[in-house]
Amino acid sequence: MKRLLLCLVPAVLAFGQAPPKKLVAELKNAEGVRVGMATLTPMNDGVRVDIEILKLAPGMRAAHIHETGKCEAPAFQSAGGHFNPDKHEHGQLNPKGAHVGDLGNLIVLPNGTAKYSAFATGVKLGPGEGSLLKDGGTSIVIHEGIDDLKSDPAGNAGKRIACGVVTR
């Protein structure tokens, strides 16, 4: 057994930590109140992002993965732009491609809750290109308005109303 452990230690050191099975980002509003969470699960060719909203104003809201793991209130500008390692333009309807961080729109019900799932192709939770755990991290941001799915750089989605850092 001791021999097996001695063989495994160099392998772990060489490859770093194993990719997590799931990550969670706690979404908070500008006042620092928890308004939901995003659960990220690795899948083939990408990551499934499940968002649960506990309390936001009703209506359609844009959701994006942002390039920096900082959520400084009140405007959450510290989260940077959309996660876009491939340098595409914004939106699934844009003929020049989409950011890998473009997650679409969720609908917050009259009671302030929402459940939404999206698939982010080309991102991963492990090391390397497209990793959401890159240096500086990433975040999940909910915007006040609708993502029009085509306008560069952010889909005319309006101000950022909730943010959560993607953490291991």
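The values are calculated or read from the model by the stated rules, or taken from the named source; none is laboratory data. Here the structure is a predicted model, which means the values were calculated and not measured. Backbone-built Cβ (ideal geometry, glycine too); neighbour counts: all protein chains shown. These area figures cover heavy atoms from the full protein model, side chains too; ligands, DNA and RNA do not enter into them. Shrake-Rupley method; radii C 1.70, N 1.55, O 1.52, S 1.80 Å.
Brief remarks on what is shown
- Checked against the criteria, Asp147 does not count as crowded, with 17+ Cβ neighbours inside 10 Å and under 12 Å from the mean Cα position of the chain (by Cα).
- Qualifying residue in segment 54-75 (condition: outside any loop (DSSP other than H, G, I, E, B), at pLDDT below 95 and under 18 Å from Asp135 (Cβ atoms)): yes
- Selection within segment 57-78 - surrounded by fewer than 23 Cβ atoms within 10 Å (Cβ to Cβ) and either of a type in the set (Ser, Thr, Tyr) or at positive phi (or both): Gly59, Thr68, Ser78
- Scope segment 42-51; condition surrounded by 14 or more Cβ atoms within 10 Å (Cβ to Cβ) and over 15 Å from Ile161 (Cα atoms); matching residues: Pro42, Gly46, Val47, Arg48, Val49, Asp50
- Pair list, Cβ < 6 Å and 6+ apart or interchain, from segment 110-123 residues that are over 17 Å from Arg61 (Cβ atoms) to residues that are open to solvent by 50 Å² or more (accessible area, probe 1.4 Å): Phe119/Arg48; Thr121/Asp45
- In segment 1-31, the residue that is most open to solvent (accessible area, probe 1.4 Å) out of those that are over 22 Å from Arg168 (Cβ atoms) and at pLDDT 95 or above is Glu31.
- Residue match in segment 86-98 (condition: within 14 Å of Ala157 (Cβ to Cβ), out of contact with any helix residue (DSSP H, G or I) (no Cβ under 6 Å at 6 or more places or on another chain), open to solvent by 50 Å² or more (accessible area, probe 1.4 Å) and not hydrophobic (A, V, I, L, M, F, W, C)): yes
- Residue in segment 127-140 that is open to solvent by less than 20 Å² (accessible area, probe 1.4 Å), modelled with pLDDT of 95 or more and small (Gly, Ala, Ser) present: yes
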